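In what follows, a structure is listed as structure tokens, so that the remarks can point back to it.
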């Protein structure tokens, strides 16, 4: 069984400040980990993913995340927040390499990011 | 460019009605999914399909059924809509290969009155 916990349902940061969105996972197999972003009234868009290669993963729009097995964490960061980053962010885990059912994603409850001008 | 299309963005249905939500993908993906999104609960998997006519229950299948007669199309069916099924429904698809990136549609907002 897999699960994801996102700490903080709402996070506010000032424009230009560091963005840190927290995600901890639980998985009985080596996980694949994902961050998705959802803008208002839209579907989800992939920001970045970890698939057992480099532990520091760079994504779109200047975001990155680091896989830390010892801490079972996959926190999302961005050095300098922009107004366009305001959205809801979801962390997700899947069961690893392809196989029946492994491609399913289990999502966290989401973190809404607000950028203060 | 990848494309998952949900035919209806906004629907209002009455309690007891049969509701069909349609989803089409143009990427020849083997897997298709239906998720439900509710505030504070994130996305929860209703059903997924790994091949034509094949389906598996997700975490919250009660009150829903699905149909996949063609590889590109995956339908979610509410046999008798209830008010607690008012929600955002998201269709998604991906390949059966390592990496597992799932691509999402724009979502269908369903209100049951």
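The values are calculated or read from the model by the stated rules, or taken from the named source; none is laboratory data. As the structure is a prediction and not an experimental result, all values here were calculated from the model. Note that we place each Cβ from the backbone using ideal geometry, even for glycine, and neighbour counts take in every protein chain shown.
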Segment A:28-57, residues that are over 21 Å from residue B:2 (Cα atoms), surrounded by fewer than 19 Cβ atoms within 10 Å (Cβ to Cβ) and touching a strand residue (DSSP E or B) at 6+ places or on another chain (Cβ under 6 Å): A:55, A:56
Scope segment B:58-78; condition away from chain A (no Cβ under 14 Å) and not in a strand (DSSP E or B); matching residues: B:62, B:63, B:64, B:71, B:72
Any hit, segment A:19-38, residues being more than 14 Å from chain B (Cβ to nearest Cβ), part of a strand (DSSP E or B) and modelled with pLDDT under 95: yes
Those residues of segment A:51-68 which are free of Cβ contacts under 8 Å to residues at least 12 places away in the same chain and either closer than 22 Å to residue A:109 by Cβ or not in a loop (DSSP other than H, G, I, E, B) (or both), in sequence order: A:56, A:57, A:58, A:66
Within segment B:8-42, tally of residues that are more than 8 Å from chain A (Cβ to nearest Cβ) and without any contact (Cβ under 8 Å) to a residue 40 or more places away in the chain: 1
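Residues of segment B:11-31 being part of a strand (DSSP E or B) and at pLDDT 95 or above, which ones?
Of everything in segment B:11-31, those that are part of a strand (DSSP E or B) and at pLDDT 95 or above turn out to be B:11, B:12, B:13, B:19, B:20, B:21, B:22, B:23, B:24, B:25.
Name the residue, out of B:45, B:76, that is without any contact (Cβ under 8 Å) to a residue 24 or more places away in the chain and within 12 Å of the chain's Cα centre (by Cα). Break it down into steps so the answer makes sense when it comes.
Details: B:76 fails: without any contact (Cβ under 8 Å) to a residue 24 or more places away in the chain.
None of the others qualify; the one that does is B:45.
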Of residues in segment B:79-113 being over 21 Å from residue A:94 (Cα atoms), within 14 Å of chain A (Cβ to nearest Cβ) and not in a strand (DSSP E or B), the one nearest to the chain's Cα centre (by Cα): B:107
